1. With every protein chain in place, what's the accessible area of HIS73 (1.4 Å probe, Å², nearest 10)?
2. With charges only on Cβ, +1 for K and R and -1 for D and E, what is the dipole size of the chain about its Cα centre, in debye, rounded to 20?
3. For the Cα atoms of the chain, what angle does the longest principal axis make with the long axis of helix 2-38, in degrees from 0 to 90, nearest 10?
4. Could you give the length gained by full extension between ILE2 and TRP22, i.e. 0.36 nm per residue of separation minus their alpha carbon distance, to one decimal place?
5. Solvent-accessible area per residue for the chain at a 1.4 Å probe radius, Å²?
6. Taking 0.36 nm per residue of sequence separation and subtracting the Cα-Cα distance, how much length would be gained by fully extending the chain between ASP68 and VAL46, in nm to one decimal?
7. Leaving out ligands, DNA and RNA, and with a 1.4 Å probe, what % of the accessible surface on the chain is carbon or sulfur?
8. Sum up the charges of everything whose Cβ sits under 10 Å from the Cβ of GLN47, counting Lys and Arg as +1 and Asp and Glu as -1, but leave GLN47 out.
Amino acid sequence: MIDAAGRLVRDVVFVFVDMVNWLWHRLWVFNRSAAKALLPGQSRAVQTTVAFVAVCGEIIGLWVFAVDWADKHPF
């Protein structure tokens, strides 16, 4: 029983990590290309920094949205 519960917790953690990794990759590709298109004269470091800040902001915004939605719609 304890082994099954441990495997369940492990699997839930890995699914969550995989979802965050997938989200990060998709947002990174999108924001990296957007930063290149919007900042063509800037250095690569500036474009990368802008893309990084945008991805972090979007993930934080999605988290805040999910928490707010969960607060308004209790189970």
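The values are calculated or read from the model by the stated rules, or taken from the named source; none is laboratory data. Computed from a predicted model, the values in this text were never measured in an experiment. Backbone-built Cβ (ideal geometry, glycine too); neighbour counts: all protein chains shown. SASA here: full protein model, heavy atoms, side chains in, ligands and nucleic acids out. Shrake-Rupley method; radii C 1.70, N 1.55, O 1.52, S 1.80 Å.
1. We get 90 Å² for HIS73.
2. 380 debye
3. Roughly 10 degrees between the two axes.
4. Full extension from ILE2 to TRP22 adds 4.2 nm.
5. Details: 6290 Å² over 75 residues.
Here the per-residue accessible area is 84 Å².
6. The ASP68-VAL46 span can extend by a further 4.7 nm.
7. Of the solvent-accessible surface of the chain, carbon and sulfur hold 73 percent.
8. Here the charged neighbours net out to +3.
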